[in-house]
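Peer 1: Mind looking over this structure? Questions follow.
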Amino acid sequence: MYADVLIMGLGKIYTYGVGDLEVGCGDLVEVPVRNRYYRGIVLGFKGESDVEGIRKIRGILVPEVINEVGLRLAKWLANYYVCSLERVLGLFVPPPVRMKEEVVYIAEEFLPERELLLPEKEKGILKALRKGDKIRHSRELEYLVENGFVKVEKVFVPRVSKRQELVFRGKEVAGAEELLRRAPKQRELWELLKTGTFRESELRAYGRSVIKGLREKGLVEVKKERFFREPLTAALERKRPEKLNAWQEAACQKILSRRAKWLLWGVTGSGKTEVYLKIMEKVLTSGKQVLYLVPEIALTPQLVSLLVDVFGGEVAVLHSALSAGERYDEWTKIKQGRARVVLGPRSAVFAPFTNLGLIVIDEEHETTYKQSEPEPRYDARQVAEKLAELWEASLILGSATPALRTFYLAEKGEYQLLRLPYRVKARPLPEVEIIDLKREMKAGHYSIFSRKLLNSLGEVFNAGEQAILFMNRRGFHTFVMCRECGRPLTCPHCEITLIYHQAKNKLVCHYCHFERQIPKSCAFCGSTFIRYYGTGTERVAAEFKRFFPGVSFVRMDTDTTQRKDSHTYLLKEFQSGRAQVLIGTQMIAKGLDFPKVTLVGVINPDFFLNLPDYQAAERAYQLLTQVAGRAGRGEKPGQVLMQTFDPKHYLFEAVKKQDYEAFYHREILCRRDFGYPPFCFLARILVSGYREKEVLQRIDEWTNLLKGESRGKEVEFLGPGPAPLGLIKKRFRYHFLMKSRDLEILQSLAAKVREANLKYSDEPRTIIDLEPQSLL
């Protein structure tokens, strides 16, 4: 028996003998390649091989790290997005196994006689390598690498540490009472331990000396046991309704009636989550698993609390904010069937399911479901749809503002459309008012908060209610400019204006994290008239504190949520009422349910209107409608105040009416007229590099190649030209787009680029993005 193994680190498939090992598909194995060992994943088996002298698999490292369905999904994903199968399989491998390690080994091609001329230190390194010793980085090692004596590579190595803990249980021993007569604390603990088994971490209140005393007297049984790490630390409250309304019941009945792809379109606050829970309960009773996808980590704390409350210990959560050990334990619980509800952002779609029955994609319109970096650039919604097909599971996509593509496919019948047109308990949608900031300035009011917003905030606080202030930019000022020559201060590595952060008192680039002090004069004209413009969440918080010094608030953005569990902590502060105001970026705009919020203030959404992207209006409508939907979810009605310098823009009128269908029909006509998705497919080829001349040469090469390959095919080329963000991290960026009604044509053309690119080194870098969500 022979096995085809994909070698991790090389990306090549080699055939090996199985021997006496009980190897299965998807096993992570160790195999010999030349004079060293690599890790690889078994892709399949065959009875015979034409190759002579085939070497054998050395051993199994992790059995079935990816199951049969996972392998089929991985192969589909690599073909669909025209990317490396090795990179795709890496998504299925749990984090501790994915970790890379530098391995040093002697190069096969170096001439042994050259070794005689080496200094003693270099000879010592070669001698140590032959023994199998680990080598530290040094100048001598660098010399050996540069001159071809040794090679250094990064390989995948399993680093799986199971969490073990001491467990104590009390023993009945003759004369124990006498032994403990003068040790009341030891006696108290001994009495407790006789009632059951306790972990060492649960007994910390008694102190180590008390536990040690009982052990020395032989009054406890001690052993080590395996425990799973518990990342489910959220404790946010969320009240559930006693029963579903008629619209929710009807949606549940239809979804449970047959397996299909469903679009659950419900206004904000209509109870979509309760529909998901009802369906999940039914699926779990049939013995199957559920995948619940959310667009951002910020949405997991409330959902974790809710799911744990309903499903108890059967819930596992997967996301990047967990430690490697926590993620591995959660992965293991899913694989073993201990956890049957999996919650997480896009990467959770690669969990090791054993019997999947339902996939829920909440807030399905969010672009964060699309991976932009690194390869593979997959869309979790497309992957989930394929996963549901492979498992013959139901798929529910839910949103108050569905993606235009999803709603268009629902109109065509590819998704079954279900509506929830009203909020639960017939609560009204919040009233949206558009505030003209030009009028505010004419009246002599120059604050970032309009007079109406300030008055409304005061009324909310007096009534003991809560408010949300939304500003989708972080930092204090969004750009700094010279008043004499009009030049903004930009990042030297990126074509991006620097953002002023008051907490650091520095200018920061949000792309490459470059920082600099504030200049005293302009570098171009020497003027000292340097002025600050624009608003970020940091400035909103500072201005709020100035107007309402006695009112507590929390700020949620990328700067304040760096630490583990920071999302949970900040949301707890707000939910408990210790903070009356939540200030934040788009991470607070969806999925959160706080009944005391009666006011939402949108500070300045105008920058949404001028983004160089055909999806700009769609995304702006979705985000503004979603953030408006945070208001009035309790017993009291909600109010939304949107401040803008362009109140006549049709987008604000659409948000004010909260009429998704009207917006959809207007926007879909524009897409049809200009020939953009969903009426065609897009592929983007982008080249980036440190030398602009090389980047231009490469992008021209790909353009000429594909224009030649596409003759006679229905393909439209846009470009090549500079990307909207033409310089990021010192890398010049040029791109072109291909449009076609046939996705397979674009996939075949993209495959030509990928194949031709294999002959080149890593620079300049070529990026292939099928169905891109961002054209910046």
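The values are calculated or read from the model by the stated rules, or taken from the named source; none is laboratory data. None of these values were measured; they are calculated from a predicted model. Heads up, the Cβs are rebuilt from the backbone with ideal geometry, glycines too, and the neighbour counts pull from every protein chain shown. What goes into the accessible areas is simple: the full protein's heavy atoms, side chains included, and nothing from ligands, DNA or RNA. Shrake-Rupley method; radii C 1.70, N 1.55, O 1.52, S 1.80 Å.
Peer 1: If a residue has to be within 35 Å of the chain's Cα centre (by Cα), farther than 17 Å from Val93 by Cα and open to solvent by 50 Å² or more (accessible area, probe 1.4 Å) to count, how many in segment 15-68 make the cut?
Peer 2: Qualifying residue count, segment 15-68: 2.
Peer 1: Next up: Check segment 734-744 and report whether any residue there is farther than 21 Å from Leu404 by Cα and not in a strand (DSSP E or B). Show your work before the answer.
Peer 2: Just the residues of segment 734-744 that are farther than 21 Å from Leu404 by Cα, to begin with: 734-736, 744.
Remaining after also requiring not in a strand (DSSP E or B): 744.
The answer is yes; a qualifying residue exists.
Peer 1: Any residue in segment 317-326 that is in contact with an Asp or Glu (Cβ under 6 Å, 6 or more places away or on another chain), in contact (Cβ under 8 Å) with a residue 24 or more places away in the chain and either aliphatic (A, V, I, L, M) or under 27 Å from Val82 (Cβ atoms) (or both)? Don't jump to the end; show me each part of the working.
Peer 2: Of all residues in segment 317-326, those in contact with an Asp or Glu (Cβ under 6 Å, 6 or more places away or on another chain) come to 318.
From what's left, in contact (Cβ under 8 Å) with a residue 24 or more places away in the chain: 318.
Those left that are additionally either aliphatic (A, V, I, L, M) or under 27 Å from Val82 (Cβ atoms) (or both): 318.
Yes, segment 317-326 contains a residue that is in contact with an Asp or Glu (Cβ under 6 Å, 6 or more places away or on another chain), in contact (Cβ under 8 Å) with a residue 24 or more places away in the chain and either aliphatic (A, V, I, L, M) or under 27 Å from Val82 (Cβ atoms) (or both).
Peer 1: Here's a follow-up. Which residue is most open to solvent (accessible area, probe 1.4 Å), if the candidates are limited to segment 650-666 and must be of a type outside the set (A, V, I, L, M) and under 12 Å from Ala620 (Cα atoms)? Let's see the steps before the verdict.
Peer 2: Filtering segment 650-666 down to residues of a type outside the set (A, V, I, L, M) leaves 650, 652-653, 656-661, 663-666.
From what's left, under 12 Å from Ala620 (Cα atoms): 650, 652, 663.
Details: Tyr650: 66, Phe652: 1, Phe663: 7 Å².
Result: Tyr650.
Peer 1: Can you tell me which of Gln248, Gln186 is modelled with pLDDT of 85 or more, under 30 Å from Gln416 (Cα atoms) and not hydrophobic (A, V, I, L, M, F, W, C)?
Peer 2: Working: Gln186 fails: under 30 Å from Gln416 (Cα atoms).
It is Gln248.
Peer 1: Taking Lys504 as meeting all but one of (1) in a loop (DSSP other than H, G, I, E, B); (2) among the charged types (D, E, K, R); (3) touching a residue at least 60 places away in the same chain (Cβ under 8 Å), write down the number of the exception.
Peer 2: (3)
Peer 1: Of everything in segment 5-14, what is open to solvent by 40 Å² or more (accessible area, probe 1.4 Å) and modelled with pLDDT of 85 or more? Give them in sequence order.
Peer 2: Scanning segment 5-14 gives Lys12, Ile13, Tyr14.
Peer 1: I've got another one for you. May I ask you to list the residues in segment 414-443 that are among the acidic types (Asp, Glu) and within 30 Å of the chain's Cα centre (by Cα)? Walk me through how you get there before you give the answer.
Peer 2: Taking segment 414-443 and keeping what is among the acidic types (Asp, Glu), we get 414, 431, 433, 436, 440.
Result: Glu414, single match.
Peer 1: Looking at segment 92-134 only, could you name the residues that are modelled with pLDDT under 70, within 18 Å of Val152 (Cβ to Cβ) and not aliphatic (A, V, I, L, M)?
Peer 2: The answer is Lys100, Glu101, Glu102, Tyr105, Glu108, Glu109, Phe110.
Peer 1: Looking only at segment 183-229, which residues are closer than 30 Å to Lys335 by Cβ, open to solvent by less than 100 Å² (accessible area, probe 1.4 Å), among the basic types (Lys, Arg) and out of contact with any Asp or Glu (no Cβ under 8 Å at 6 or more places or on another chain)?
Peer 2: Arg226
Peer 1: I need the full set of residues from segment 362-393 which are among the acidic types (Asp, Glu) and open to solvent by 30 Å² or more (accessible area, probe 1.4 Å), in order please.
Peer 2: Quick first cut of segment 362-393, residues among the acidic types (Asp, Glu) only: 362-364, 366, 373, 375, 379, 385, 389, 392.
Glu373, Glu375, Glu385, Glu389, Glu392, listed by residue number.
Peer 1: For segment 264-280, what are the residues that are closer than 15 Å to Ala250 by Cβ, touching a strand residue (DSSP E or B) at 6+ places or on another chain (Cβ under 8 Å) and either without any contact (Cβ under 8 Å) to a residue 40 or more places away in the chain or of a type in the set (Val, Ile, Thr) (or both)?
Peer 2: Those that are closer than 15 Å to Ala250 by Cβ, touching a strand residue (DSSP E or B) at 6+ places or on another chain (Cβ under 8 Å) and either without any contact (Cβ under 8 Å) to a residue 40 or more places away in the chain or of a type in the set (Val, Ile, Thr) (or both): Val275, Ile279.
Peer 1: Something else now. Look at Lys590 and say whether it is closer than 27 Å to Leu306 by Cβ and touching a Pro at 6+ places or on another chain (Cβ under 8 Å).
Peer 2: Working: closer than 27 Å to Leu306 by Cβ: yes; touching a Pro at 6+ places or on another chain (Cβ under 8 Å): yes.
Yes, satisfied.
Peer 1: Could you tell me which numbered condition Ala723 fails, if it satisfies all but one of (1) in a loop (DSSP other than H, G, I, E, B); (2) open to solvent by less than 40 Å² (accessible area, probe 1.4 Å)?
Peer 2: (1) is the only condition that Ala723 fails.
Peer 1: If we scan segment 31-46, do we find a residue that is within 25 Å of Tyr328 (Cβ to Cβ), touching a strand residue (DSSP E or B) at 6+ places or on another chain (Cβ under 7 Å), not in a strand (DSSP E or B) and not acidic (Asp, Glu)?
Peer 2: First, pick out the residues of segment 31-46 that are within 25 Å of Tyr328 (Cβ to Cβ): 31, 37-43.
Add one more test, that the residue is touching a strand residue (DSSP E or B) at 6+ places or on another chain (Cβ under 7 Å), and what stays is 31, 37-43.
The next check asks that each one be not in a strand (DSSP E or B); those that pass are none.
There is no residue in segment 31-46 that is within 25 Å of Tyr328 (Cβ to Cβ), touching a strand residue (DSSP E or B) at 6+ places or on another chain (Cβ under 7 Å), not in a strand (DSSP E or B) and not acidic (Asp, Glu).
Peer 1: I need every pair where a residue in segment 556-572 that is without any contact (Cβ under 8 Å) to a residue 24 or more places away in the chain has its Cβ under 8 Å from the Cβ of a residue that is in a helix (DSSP H, G or I) and polar (S, T, N, Q), sequence separation at least 6 or different chains.
Peer 2: Thr560/Ser566
Peer 1: While we're looking at this one, here's another question. I'm checking my understanding of the structure. Among residues of segment 243-263 that are free of Cβ contacts under 8 Å to residues at least 40 places away in the same chain and of a type outside the set (A, V, I, L, M, F, W, C), which one is most open to solvent (accessible area, probe 1.4 Å)?
Peer 2: Only one residue tops the list, namely Lys243.
Peer 1: Sort out which residues of segment 251-289 are at pLDDT below 90 and in a helix (DSSP H, G or I), and write them in order of number.
Peer 2: none
Peer 1: Return a yes/no flag: does segment 431-447 have any residue that is part of a strand (DSSP E or B), without any contact (Cβ under 8 Å) to a residue 60 or more places away in the chain and β-branched (Val, Ile, Thr).
Peer 2: Of segment 431-447, the ones part of a strand (DSSP E or B) are 431-436.
Now restrict to residues that are without any contact (Cβ under 8 Å) to a residue 60 or more places away in the chain: none.
No, segment 431-447 has no match at all.
Peer 1: Any idea which of (1) open to solvent by 10 Å² or more (accessible area, probe 1.4 Å); (2) more than 22 Å from Lys282 (Cβ to Cβ); (3) acidic (Asp, Glu) is the one Glu330 doesn't satisfy?
Peer 2: With respect to (1) open to solvent by 10 Å² or more (accessible area, probe 1.4 Å); (2) more than 22 Å from Lys282 (Cβ to Cβ); (3) acidic (Asp, Glu), Glu330 is out only on (1).
Peer 1: Identify, by number, the condition in (1) touching a helix residue (DSSP H, G or I) at 6+ places or on another chain (Cβ under 6 Å); (2) farther than 20 Å from Thr368 by Cα; (3) buried (at least 21 other Cβ atoms within 10 Å of the Cβ) that Leu624 doesn't meet.
Peer 2: Here Leu624 meets the rest and fails (2).
Peer 1: Can you give me the number of residues within segment 627-649 that are open to solvent by less than 20 Å² (accessible area, probe 1.4 Å), outside any loop (DSSP other than H, G, I, E, B) and under 23 Å from Gly271 (Cβ atoms)?
Peer 2: First pass over segment 627-649, keeping only residues open to solvent by less than 20 Å² (accessible area, probe 1.4 Å): 627-632, 634, 638, 640-644.
Adding the requirement that they be outside any loop (DSSP other than H, G, I, E, B) leaves 627-628, 640-644.
This time we only want the ones that are under 23 Å from Gly271 (Cβ atoms), so: 627-628, 640.
Number of matching residues: 3.
Peer 1: A further question on this structure: Among (1) farther than 30 Å from Gly629 by Cα; (2) touching a strand residue (DSSP E or B) at 6+ places or on another chain (Cβ under 9 Å); (3) open to solvent by 50 Å² or more (accessible area, probe 1.4 Å); (4) of a type outside the set (Gly, Ala, Ser), which single condition is Lys730 missing?
Peer 2: (2)
Peer 1: For residues in segment 471-502 being within 18 Å of Pro724 (Cα to Cα) and hydroxyl-bearing (Ser, Thr, Tyr), which is most open to solvent (accessible area, probe 1.4 Å)?
Peer 2: The residue in question is Thr490.
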